Amino acid sequence: MNPEVDLKVGNLSKIETWITSPTQSDDGWTEIKSFLFLRLTTSDGFEGWGEAFTLPYREIAIEKIIHNLVNTIAKDKNITPHTFRDIVANISDKHRGIDFSAATSAIEMALWDISGKISKQPLANLLSKNPKNSIPIYATNWSNKETQTETIGRRAVKLIEQNFGGVKIYPLQNRSPKEGADFVSYVRNLIGSDTPMMLDLASPDNFNLSYELAPLITPFNPYWYEEPVDGEKTRILADIRSKTNLRIVTGEKQCGLPHFEETLAANAADILNPDIAAVGGILDMKKISELSLKKDVKVSPHCWNSMSIAAAAMLHFCASIENAEMAEIFPEYLTHVMKFSDPGFKIEHGHAILGNEPGLGVSIDTSLLQSFCSDYNEETLGK
């Protein structure tokens, strides 16, 4: 990180939060989950956007945590992303949890956005002295509606044709290991031998399926083997890594630094994928990257969030670190959020190209956003 950057954002005067309603993607491919957006406004008129990772039935609770935390930091006239991290560390008393960390991730993201706008620099420039502006990306080919091998295979080809640099599929979704291997073989034949193909096992309850599948799919050269077991089961994860020749990915369901320190110490992963909007904050992401670099481990942020605020933060983060892996894009989510936002990046030849706008570089039309929302909450601060 560029150690010189620790800008005071000024007095916070207003907080607004929006929760979008779940809906179907335009093409009927999948369900688009709820997103939770945050906008902070300072007394000087600077605005910062953030986004919290959400799961069903938890959105309102996370929104409440966000408002409580922002009311606390609004009393601090010298708040920065770094001092905010220290404050919430004391508040949490080492009892963080994914929902609390999602809330702090959103707030810190917004503070960084404000810092960039005050300094008139893109976020990546605040995080690194020599950031990249082109980040390799892959498309997640997930559907909770379509499970047919042929249909998913055709979509994988379409995604590659749409300039994504790789594609992720789910071989154990409604399949046995043998069926999963046939599925992987089918998709590999369609997209060619040189296209990165990520496999996500989505933490099967029976992790023995991951052991069984591994040798069956190895001949098809998967780019990585994601969540063969729940990330909390570090010992088993390390064993799977030691017994396969596959690159193991884990971390999307975890938050805070201790888990990632333990995973690295156990040599249990080749790639860590903490969620950019759930891990706790961009500063935690940076620390995880620094620790990973010492172990020659890559970082590929998980981003099961809107492809606007959180995706922009993910891409600026990836642009700022040495050991970034391919970044995750949900194509249907991107199409959806472009109805009310400009995400601040373009997709070209397998890469996301960042613009030069200050902060996150995302613009959102709040009147259009409101039409997609089930909840809006505005609060004046510092009364």
Practice item. Treat every Asp and Glu Cβ in the chain as -1 and every Lys and Arg Cβ as +1, leave all other atoms uncharged, and give the resulting dipole magnitude about the Cα centre to the nearest 20 debye. Key: 500 debye
**Study point:** Cα centroid separation, the stretch 193-239 to the stretch 145-171 (Å)
**Key:** 18 Å
Point to revise | Residues whose placed amide H lies under 5 Å from that of CYS373, excluding near-sequence neighbours | key: SER21
Practice item. Would you mind classifying the chain by shape? Square roots of the alpha carbon gyration tensor eigenvalues, ordered a ≥ b ≥ c; an a/c under 1.5 is rounded, otherwise it is prolate if a/b is larger than b/c and oblate if not. Key: prolate
Study note, to complete from the structure: Simple spin-label estimate for ALA266/MET338, 7 Å along Cα→Cβ, in nm, reads 4.1 nm
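If each DSSP helix of 4+ residues adds -39,500 (n - 2.57) and the sum is divided by the residues in the chain, what number results at 222 nm, nearest 500 deg cm²/dmol? Before the final figure, lay out the partial values.
On the way: 13 runs with 149 residues, N = 383.
Per the formula, -12000 deg cm²/dmol.
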Review point. Can you work out ³J(HN,Hα) from phi for every residue in the stretch 128-144, in order, using Karplus 6.51 cos²θ - 1.76 cosθ + 1.60 and θ = phi - 60°, giving whole Hz and x for Gly and Pro?
Key: 8, 7, 9, x, 8, 10, 10, 10, x, 9, 10, 9, 8, 9, 10, 9, 8
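Percent antiparallel among DSSP beta bridges with both residues in the stretch 125-354, to the nearest 5?
Details: 7 of 26 bridges.
Antiparallel bridges make up about 25 percent of those DSSP assigns within the stretch 125-354.
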Point to revise | Charge tally in the Cβ shell below 12 Å around TYR225, where Lys, Arg are +1 and Asp, Glu are -1, TYR225 excluded | key: 0
Exercise for review: Quick one: what are the phi-derived ³J(HN,Hα) couplings along the stretch 211-222, Karplus 6.51/-1.76/1.60 with θ = phi - 60°, whole Hz, x for glycine and proline?
Suggested key: 4, 5, 6, 3, x, 6, 9, 3, x, 9, 6, x
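Read-outs throughout are calculated quantities, based only on the coordinates presented, and are distinct from any laboratory measurement. Computed from a predicted model, the values in this text were never measured in an experiment. All Cβ positions, glycine included, derive from the backbone under ideal geometry; neighbour counts span all protein chains shown.
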